[in-house]
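Below is one structure; the comments refer to it alone.
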Amino acid sequence: MAYDQNEIYRLAGEFVTKNSGKFTGKQFASQWGRIRAIAMESNDWTDLHNQLFEGPDKEKNIKGGYLKHGIAQEKWEERGRCNLLYNFLKDNKSKDFKFLQQLVINLAAEMAKKSK
């Protein structure tokens, strides 16, 4: 299924306009870079979701997704940042995964620029 690049730009632009003020500082710029890399490496929604949002499970020796452990978790839990991204992705997950993947890649690149 083909995806509409203009729709990707529109959706990413709306997120950036509404939320960029919540993600300021060089630390966020590098974290958006990592989110972009995760999106590029992901094979489907489940893979992307798990790599970003899966909760840690010590019994199963799962450290958790990128935004759910370490320094990233602390910063992303503040002010509902993690939920903002999660809800944005969830709202668009019914689209073709290639569309969603390109949306995350574009969004992360734009947010990294705004975060600096």
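The values are calculated or read from the model by the stated rules, or taken from the named source; none is laboratory data. Note that the coordinates shown come from a computational prediction; the quantities given were computed from them, not determined experimentally. Quick reminder, even Gly has a Cβ in these numbers, built from the backbone with ideal geometry, and neighbours come from all protein chains shown. Accessible surface is based on the protein model in full, side chains and every heavy atom, while ligands, DNA and RNA are left aside. Shrake-Rupley method; radii C 1.70, N 1.55, O 1.52, S 1.80 Å.
Quick rundown of the values:
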| quantity | calculated |
| --- | --- |
| Selection status of Phe15, in contact with a Phe, Trp or Tyr (Cβ under 7 Å, 6 or more places away or on another chain), touching a residue at least 24 places away in the same chain (Cβ under 8 Å) and either in a helix (DSSP H, G or I) or within 22 Å of Lys113 (Cβ to Cβ) (or both) | yes |
| Candidate set from the range 31-50 (those that are over 15 Å from Leu100 (Cβ atoms) and touching a residue at least 24 places away in the same chain (Cβ under 8 Å)); member that is nearest to the chain's Cα centre (by Cα) | Trp32 |
| Selection from the range 74-92 of residues that are in contact (Cβ under 8 Å) with a residue 40 or more places away in the chain and open to solvent by 70 Å² or more (accessible area, probe 1.4 Å) | Arg79 |
| Long-range neighbours under 7 Å by Cβ, at least six apart or interchain, first residue open to solvent by less than 10 Å² (accessible area, probe 1.4 Å) within the range 93-116, second aromatic (Phe, Trp, Tyr) and part of a helix (DSSP H, G or I) | Leu100/Trp45; Leu107/Phe15; Ala108/Trp32; Met111/Trp32; Ser115/Phe28; Ser115/Trp32 |
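For (1) in a helix (DSSP H, G or I); (2) within 14 Å of the chain's Cα centre (by Cα), each residue gets a yes or a no:
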{"site": "Gly21", "(1), (2)": "yes, no"}
{"site": "Thr24", "(1), (2)": "no, no"}
{"site": "Leu52", "(1), (2)": "yes, yes"}
{"site": "Glu59", "(1), (2)": "no, no"}
{"site": "Gly64", "(1), (2)": "no, no"}
